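Following: one structure in structure tokens, then a few remarks.
What follows draws every value from the coordinates through simple rules; no lab data is involved. All figures in this text were calculated on a predicted structure; none of them were measured in a lab. When we count neighbours, we look across all protein chains shown, and the Cβ atoms used for this are built from the backbone with ideal geometry, even at glycine.
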Amino acid sequence: MLTVFGSIALDTTRTPFETKERILGGAATYASMAASFFVPVSLIGAIGNDFPDKYYTQLSNKLDIKGLERFNDKKTFFYDSTFDFDLSHRTTNITELNVIENFEPIVPAEYKNSKYIYLANNDPEQNIQIIDSFNSPELIICDTIEYWIHNKKDSVISMIEKTNGVVINDQEARLLCNNSNLVKCGKQLLSYGPNFAIIKKGEHGVLLFIGDEVIPIPGYPLESVTDPTGAGDSFAGGFMGYLISKSKGHLANDLALVKESILMGSIMGTFAIEEFGIDGLMRITIEDIVDRYDKYKKMLHI
């Protein structure tokens, strides 16, 4: 079982072509939904009194949500952003932490033996706190965002030190490492202690840093992009779900499997961005995923 901890959000997403208000989003939501195609997923997070029942149902139909807490005296985490014309640059308009501010997560007894933990974009201090609630996890992977790097940089680094892998985008890597060179950033991330680091570069793919290896992997060329929100989180969920499902042990050190899992993560990210919110992930089947994955491998001659 994979346990995911992070934000469940109501997102308002604005593009030059269309705006969607207060749709289901959040890093933990995207990551959990993407991973659920490969492994059972349990979700830990918090929602408020404004969280629609239809979204609750969507989560409960795909995930184990015993770890999802509803607070009737608070609002759900809210994020409002605007993408520019090429849908590659996003401006944050509003970030309201609401229910996740000062949230003290509780790990249900059934989750404590989880071997695989994904810490989605969330308060790094909460992430550090929750790690100690699990008995003996074998693989912990984390992500972060600019908001936490700006406000709790030391805690972000402390969080990374406690993980086996970190997944982060290029802007966040440069900000965290205070360096414009992504190769140097990747090596600095490894110096904090994880077995591997993945720097996401949007449509241009990723850079994988593992041991002494620096491996560039191009992105899947997608013809239709509607909403890039959640691409990175879906990548991380797909990556981790596939990695777990195919592993026979020593996940973080199996280079071939890590590379294969990156390809699958990229594919899950492409499905997420074809529609607003999680709709792209909700409409697909495992057959759709495998078909696109096979096409991707042929493109790369793998």
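Just flag the GluC sites (Glu not before Pro) in the stretch 85-136 sitting in loop per DSSP whose Cβ has no more than 15 other Cβ atoms within 10 Å.
Of the GluC sites (Glu not before Pro), the ones in loops of the stretch 85-136 whose Cβ has at most 15 other Cβ atoms within 10 Å are Glu101.
When the chain is treated as a GNM, springs tying every alpha-carbon pair under 10 Å, which of Ile160, Ile65, Ile140 comes out with the largest mean-square fluctuation?
In the Gaussian network model the winner is Ile65.
Apply the a/c threshold of 1.5 to the C-alpha gyration tensor of the stretch 150-267 and tell me whether it is rounded, prolate or oblate.
It is oblate, given that a/c is not under 1.5 and a/b is not larger than b/c.
Treating the beta-carbon of each Lys and Arg as +1 and of each Asp and Glu as -1, no other charges, what is the dipole magnitude of the chain about its Cα centre, to the nearest 20 debye?
Details: 28 positive and 40 negative charges, 123 e Å.
In debye, rounded to 20, the chain gives about 600.
Report the Cys residues of the chain lacking a disulfide-compatible partner, meaning no second Cys Cβ under 4.7 Å from their Cβ.
Unpaired cysteines in the chain: Cys142.
Determine the calculated [θ] at 222 nm for the chain from helices alone, applying -39500 (n - 2.57) to every DSSP H run no shorter than 4 residues and normalising by the residue count; nearest 500 deg cm²/dmol.
Result for the chain: -11500 deg cm²/dmol, rounded to the nearest 500.
Of the candidates Asp64, Asp288, Asp279, which one comes out as most mobile in a Gaussian network treatment of the chain with C-alpha springs shorter than 10 Å?
Asp288
State the answer as a single residue: which of Asn151, Leu263, Ser180 lies farthest towards the positive end of the charge dipole of the chain, with beta carbon charges of +1 for Lys and Arg and -1 for Asp and Glu, about the Cα centre.
Comparing the listed Cα positions along the dipole, Leu263 ranks first.
Using only Cα atoms, locate the centre of the stretch 146-220 and the centre of the stretch 81-98, then give the distance between them in Å, rounded to an integer.
21 Å
Report, in order of residue number, the helices in the chain meeting two criteria: a C-alpha extent of 18 Å or more along the helix axis, and a mean Kyte-Doolittle hydropathy of at least 1.0; treat each whole DSSP H run as one helix.
Working: long enough: 146-161 (19 Å, -0.57); 231-246 (22 Å, 0.47); 255-272 (26 Å, 1.35); 286-299 (20 Å, -1.26).
Helices meeting the span and hydropathy rule in the chain are 255-272.
Put +1 on the Cβ of every Lys and Arg and -1 on every Asp and Glu Cβ in the stretch 2-299; which of Ala109, Asn98, Ser81 then has its Cα farthest towards the positive end of the dipole?
Of the listed residues, the answer is Ala109.
Could you tell me which of the pairs Lys162/Lys295; Lys20/Lys75; Lys62/Lys112; Lys246/Lys297; Lys152/Lys201; Lys152/Lys200 are separated by over 27 angstrom between their Cα atoms in the structure shown?
Lys162/Lys295
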